[in-house]
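Notes follow once the structure below has been shown.
The values are calculated or read from the model by the stated rules, or taken from the named source; none is laboratory data. What you see is a predicted model; the values in this text were computed from it and never measured. Here the Cβ positions follow ideal geometry from the backbone for every residue, glycine too, while neighbour counts run over all protein chains shown. Side chains included, ligands, DNA and RNA excluded: accessible areas come from the protein's heavy atoms. Shrake-Rupley method; radii C 1.70, N 1.55, O 1.52, S 1.80 Å.
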Amino acid sequence: MDFDMEVIRIGHGYDVHALRDGLPLILGGESIEHDKGFVAHSDGDVLAHALSDALLGALALGDIGSHFPDTDPQYCGADSLDLLSKVYGMIRQKGYRLANADMTILLQRPKLRPHIDRMRENIARTLWVDIDRISIKATTEERLGFTGREEGAAAHAVVLLVKG
């Protein structure tokens, strides 16, 4: 089968942030009531960061830190959905669009099921796609590792981009 590899591109992203008492917890652009939040230069949204890295990685455009460095004061407290929107603008400028994104959040607590639909809506709106192209899952790590001990949270994202 003759297939043009420039028609589709796959990217994977991963992000992690420490949790600390008294900080805001933002995931998928959603502010979630919790006693801990992310230690970060921006709002620390690990889901949006992992998705941004997946998009950038699919086209070999580096990572989120190379485009929005944590040493730059203009990104202090930045809304990660705004950064995601800028990343997607780079993707569109290269002639690609999102076919779908599949993401997993690793966080011991709080339970995220009540927030996932709003996270999906936020991300779909940011990327100008139908919500059925955005999948978000959440899992604990059964109290194992840094996420299980509630020291931090992590997220993985996989994207499929298509030319055109």
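Which three lengths, in whole Å and largest first, does segment 29-88 cover when its Cα atoms are put on their principal axes?
37, 22, 15
What accessible area per residue, rounded to a whole number of Å², is obtained for segment 56-115 using a probe radius of 1.4 Å?
Counting only protein heavy atoms, the per-residue value for segment 56-115 is 51 Å².
Percent relative contact order of segment 44-164, based on C-alpha pairs within less than 8 angstrom and at least six residues apart?
Averaging sequence separation for qualifying contacts and normalising by length gives 36 percent for segment 44-164.
Report the paramagnetic label zone for R109: residues of segment 37-71 whose backbone N is under 18 Å from a point 7 Å from Cα along the Cα-to-Cβ axis.
Answer for segment 37-71: 37-38.
Estimate the FRET efficiency between D21 and N100 by the formula 1/(1 + (r/R0)^6), using the beta-carbon distance for r and 35 Å for R0, to the nearest 0.05.
About 0.45, to the nearest 0.05.
Mind checking which of V159, L81, L19 is farthest towards the positive end of the chain's charge dipole, using Cβ charges of +1 (Lys, Arg) and -1 (Asp, Glu) about the Cα centre?
Positive-most Cα among the choices belongs to V159.
Which value, in debye to the nearest 20, describes the size of the charge dipole of segment 9-124 about its Cα centre when Lys and Arg Cβ atoms bear +1, Asp and Glu Cβ atoms bear -1, and nothing else is charged?
440 debye
Could you grab the relative contact order for segment 1-72? Cα pairs under 8 Å, six or more apart, rounded to a whole percent.
Value for segment 1-72: 33 percent.
Note the full-extension length gain between I8 and H67 as 0.36 nm times their separation in residues minus their Cα-Cα distance, in nm to one decimal.
Residue separation times 0.36 nm, minus the Cα-Cα distance, leaves 18.9 nm.
Could you identify which residue out of E30, E151, E142 has the top mean-square fluctuation in a GNM of the chain using Cα springs shorter than 10 Å?
E142
Taking only DSSP H segments of four or more residues, each worth -39500 (n - 2.57), what value at 222 nm results for the chain once the sum is divided by all its residues, to the nearest 500 deg cm²/dmol?
Only helices count here, giving -9000 deg cm²/dmol.
Heavy atoms only, probe 1.4 angstrom, no DNA, RNA or ligands counted: give me D70, D63 ranked by accessible area, highest first.
Sorted descending by solvent-accessible area, the residues read D70, D63.
Calculate the all-directions average of the projected area of the chain's alpha-carbon convex hull, and give it in nm².
Reported value for the Cα convex hull: 10.1 nm².
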